[in-house]
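Read the structure below first, then the notes.
The values are calculated or read from the model by the stated rules, or taken from the named source; none is laboratory data. On a predicted model such as this, the values are computed, not experimentally measured, just so you know. For neighbour counting, all protein chains shown are included, and Cβ atoms are generated from backbone atoms with ideal geometry for every residue, glycine included. These accessible areas exclude ligands, DNA and RNA; they are computed on the full protein's heavy atoms, side chains included. Shrake-Rupley method; radii C 1.70, N 1.55, O 1.52, S 1.80 Å.
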Amino acid sequence: MTSTELTFAVGFAYMESEQTENFCWVLEKLKELFVKKDMCPQVILTDRDLALMKAIEVVFPNSINLLCRFHINKNVGAKCKQHVVNDLQKTIDTLWMEVVWASDEVEYGQRLHQLEQACVDYSGFINYVKDTWLTPHRHRFVGAWINRVPHLGNTTTNRVESAHWKLKQMLGNSIGDMVKCWEAMNNNLRLQLGNIRASFQKSFYEVEHAHVNPFYGYLRGSVSRAALRRIAEELLRVDYVGTNRQICGCTLRTSYGLSCACELGRYRVGGIPLPIDVVHVHWRKLTMEVKLEIGEDDGSEVDMTAAMDELWRRFRSLDVIGKRALRSRVCELAYPTMTTLCPPPEKIKTKGGVKKKGKKPADYDVYRDPSYHESVDKASQSSQRQSQPSQTSKKIKLSKKQP
């Protein structure tokens with residue numbers, strides 16, 4: 001997932017079967033794609049495919065394997081319909097969702113106890129829930145555990161299902177040869193790349209109204225708009241959370257790598273704009289540039305000496321007006337939390353027309369001086385009315401056939 005919350009594919013694999021050794025081969029090939037050999041994904045989200053989960057433990061032993069909440073809830077809901085009467089199904093579904101969304105282990109224990117009490121007469125269902133999901137896998141999908149994991153909001157595989165569906169739309173059918181499949185995959189990647197670059201440009205140049213506040217000054221143009229939206233939503237919690245960590249829960253910090261409510265409260269109380277260092281590097285990546293190989297980065301890519309020299313030469317060659325314009329643009333980059341705009345000395349009423357005393361002139365729709373052509377047309381119409389004789393005779397009735 002990109003910093004703008006779009007999906008991109010890093011590879012496609014053909015597998016003979018879905019056995020553990022096949023998954024290990026795929027994951028080993030995926031591991032070779034990383035630029036740094038000691039780097040591995042922190043979180044891998046899958047369905048409850050035991051062969052794939054075992055392969056992940058072998059190839060990426062330090063990665064956290066989460067399970068898709070969507071498919072778990074669907075399976076539990078289907079089992080509930082088999083064992084529970086219709087009147088209690090909705091209640092038990094609600095209790096199950098409260099277990100899944102429990103924010104800490106204490107709340108998890110309380111919600112589970114409530115679910116057990118409601119399912120006293122349905123031992124088959126509660127045993128399935130415990131033996132299949134909660135006992136072996138609760139740390140992979142229950143909020144009390146996964147809220148400590150940097151999953152960046154991905155708790156279901158719906159993103160993967162959607163990307164797979166788009167690829168199958170391009171493939172058309174399952175009887176194509178390797179060339180046709182490669183072309184479909186390549187076209188799919190090109191579309192993804194175009195959408196991602198467009199989203200990066202939006203984060204660079206478009207500012208949403210909610211992010212105009214100087215509080216976001218250091219983040220605008222340097223952090224994705226998706227991250228700014230999440231921070232703005234979390235800022236609404238500051239009014240009742242304050243700076244209390246226990247009330248806050250700090251889920252946004254641990255799961256998304258963004259400032260949580262108590263952290264935002266401390267910055268707002270101090271009147272300090274939010275620094276960019278508190279945002280995880282994932283949300284700051286707004287480019288598709290290829291990383292350099294290890295040992296090739298000599299600092300030349302980030303050297304601004306030549307650019308600054310050229311800027312000085314251009315500044316000296318401009319006249320006074322040009323220097324002022326260039327200086328204002330440089331100040332916008334150097335001081336993002338400041339603005340050259342100032343409020344008007346007194347409030348200006350901009351709504352409605354200008355009110356004038358006196359009676360509104362006839363044939364005068366707006367209070368403005370008429371244009372030249374309007375004056376000429378008005379004089380011409382009045383002269384024509386004076387030249388035409390008044391008709392006092394009866395109106396002539398025209399038949400329907402007569403044009």
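As a rough guide to protection, the peptides 315-326, 70-81 ranked by mean Cβ packing within 10 Å, highest first, stand as 70-81, 315-326.
In a simple Cβ point-charge model (Lys, Arg +1; Asp, Glu -1; nothing else charged), the range 42-171 has a dipole of about 500 debye relative to its Cα centre.
Karplus-derived 3J(HN,Hα) values for the range 103-114, using 6.51 cos²θ - 1.76 cosθ + 1.60 with θ = phi - 60°, are 7, 8, 5, 5, 5, 4, x, 5, 5, 5, 4, 5 Hz; glycine and proline are entered as x.
The range 1-128 gives an Rg/Rh value of 1.09, both radii derived from C-alpha positions and Rh following Kirkwood.
Annotation: amide H-H contacts under 5 Å for ILE44 (H modelled 1.01 Å from N, sequence separation of 5 or more, or interchain): ILE64, ASN65, LEU66.
Phi-derived couplings, Karplus 6.51 cos²θ - 1.76 cosθ + 1.60 at θ = phi - 60°, listed residue by residue for the range 85-102: 5, 4, 5, 9, 4, 5, 5, 5, 4, 5, 5, 5, 5, 5, 5, 5, 8, 4 Hz, with x used for Gly and Pro.
For the range 125-167, give the percent of accessible area contributed by carbon and sulfur heavy atoms, probe 1.4 Å, rounded to a whole number. Result for the range 125-167: 53 percent of the exposed heavy-atom area is carbon or sulfur. For GLU116, the accessible area of its heavy atoms, probed at 1.4 Å with every protein chain present, is near 60 square angstrom. Protein heavy-atom accessible surface, 1.4 Å probe, per residue over the range 135-275: 56 Å².
When the C-alpha to C-alpha distance is required to be over 29 Å, the pairs from LYS29/LYS168; LYS81/LYS166; LYS29/LYS180; LYS31/LYS180 that qualify are LYS81/LYS166. Specify whether the C-alpha gyration tensor of the range 108-249 places it in the rounded, prolate or oblate class, a ≥ b ≥ c being the square roots of the eigenvalues: rounded for a/c under 1.5, otherwise prolate if a/b is larger than b/c and oblate if not. Oblate is the answer for the range 108-249, as a/c is 1.5 or above yet b/c matches or exceeds a/b. Ranked from largest to smallest solvent-accessible area, with a 1.4 Å probe on the protein heavy atoms, GLU98, GLU289, GLU183 come out as GLU289, GLU183, GLU98.
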